[in-house]
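No value in this document is a laboratory result; all are computed from the given coordinates. These figures come from a predicted structure and were not determined experimentally. Cβ sites come from the backbone with ideal geometry, for glycine too, and all protein chains shown count toward neighbours.
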Amino acid sequence: MNKITEPVITLALSKGRIFDDTVPLLAEVGIQVTESPDTSRKLILPTSDPHLRLLVVRASDVPTYVQYGAADIGIAGKDVLYEHVKEHPGGLYQPIDLDIAKCHLAVAVRKDFDYEAAVKQGARLRVATKYVNVAREHFANKGVYVDIIKLYGSMELAPLVGLADAILDVVSTGSTLRANDLVEVEYVKAVSSRLIVNQASLKTRTQYLQPFIDAFAKASQGNK
Ligand code: ADP
Ligand code: PRP
Ligand code: MG
């Protein structure tokens, strides 16, 4: 005889700071994560709620899983969302700012590089970043000509070895910039992580999804 199973909601998130900041949000609504991606090699993790499972994916892949409906909901930084939506618009709602993984996007240069003078002189700047779309828009708004060099990490290295004049990257405490003799010269935008929802899932599975969305909204009030 076929057993009628309750639908399971799938939440995509990345390990590291987003996972670590999400565990307390889930705990506030009585959901425990029984395995950690730091100790388990499993990519699908159960929770104490049989109706919620977690997918552990790369931070920049979270919007893709949710957009295609492989996950119903996800948690992603606004930095990642901005880039994703520019290239693949549609299919996603971003209903709640969870106020976790807070940082900001900034332009930084070597201490000995006179950024203001270079901008005033109309110099063409080489900018290394993984945020190609944010960078394009930021420098276009300033009327600064840039050549953008796409990198996938360790952006702070680029100005030190002559790959770029400037970087556009996330900054939190500023310690990575300080450790590499870089200085922030422009604040670009504030970043925190948002709950994202597959639009089709929300329509077809509202009754199962809405309680989780409401729970995240309530739990994240404590971070405001
Ligand atoms: P990745 O492997 O893509 O670097 P992270 O876990 O470092 O993944 O970053 C995930 C998200 O956390 C980023 O998209 C950003 O929104 C935020 N974030 C990145 N670095 C920091 C930081 N130093 N402090 C706080 N939040 C950060
Ligand atoms: C992130 C980011 C910066 C750093 C900024 O790196 O890419 O390098 O944090 O934070 P800070 O201002 O507090 O120093 P992360 O720790 O995520 O390392 P990663 O290179 O593995 O992404
Ligand atoms: Mg990182």
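Tabulated values for the structure
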quantity: Label point distance in nm, ASN141-ALA190, each placed 7 Å from Cα along Cα→Cβ; calculated: 1.5
quantity: All lysines inside 19 Å of LYS142 as judged from Cα atoms, apart from same-chain residues fewer than 8 positions distant; calculated: LYS120, LYS189
quantity: Gaussian network model of the chain, springs between alpha carbon atoms under 10 Å - residue of SER60, SER48, SER14 with greatest fluctuation; calculated: SER48
quantity: Helical mean residue ellipticity (222 nm; -39500 (n - 2.57) per DSSP H run of 4+; nearest 500) of the chain; calculated: -9000 deg cm²/dmol
quantity: C-alpha center-to-center spacing [the range 15-33, the range 169-224] in angstrom; calculated: 14
quantity: Unsatisfied cross-links (Cα-Cα over 22 Å) in the set LYS15/LYS102; LYS150/LYS224; LYS86/LYS150; calculated: LYS150/LYS224
quantity: Estimated distance in nm for a label pair at VAL161 and LEU43, the labels positioned 7 Å out from Cα along Cα-to-Cβ; calculated: 2.9
quantity: Compactness of the range 1-63 - radius of gyration and Dmax, Cα, Å; calculated: 12.6, 44
quantity: Label zone at LEU202 (point 7 Å along Cα-to-Cβ), backbone N below 19 Å, the range 89-115; calculated: 89-100
quantity: Packing-based ranking, highest mean first, of 147-154, 71-78 given that Cβ atoms within 10 Å are counted; calculated: 71-78, 147-154
quantity: Furthest towards positive pole of dipole, GLY69, THR129, TYR82, structure part the chain, Cβ charges; calculated: GLY69
quantity: GNM top mover of LEU54, LEU98, LEU160 - the chain, alpha-carbon springs below 10 Å; calculated: LEU160
quantity: Evaluated over the range 150-189, the Cα radius of gyration and Dmax, each in Å; calculated: 9.7, 26
quantity: Whether the range 103-191 is rounded, prolate or oblate, judged on the alpha carbon gyration tensor where a/c under 1.5 counts as rounded; calculated: rounded
quantity: Largest-first principal axis extents, alpha carbons of the chain, Å; calculated: 75, 33, 32
quantity: SER172 paired with LYS111, simple spin-label distance in nm, labels 7 Å along Cα-to-beta-carbon; calculated: 2.4
quantity: Value of relative contact order over the range 7-117, rounded to a whole percent, pairs C-alpha under 8 Å and six or more apart; calculated: 30
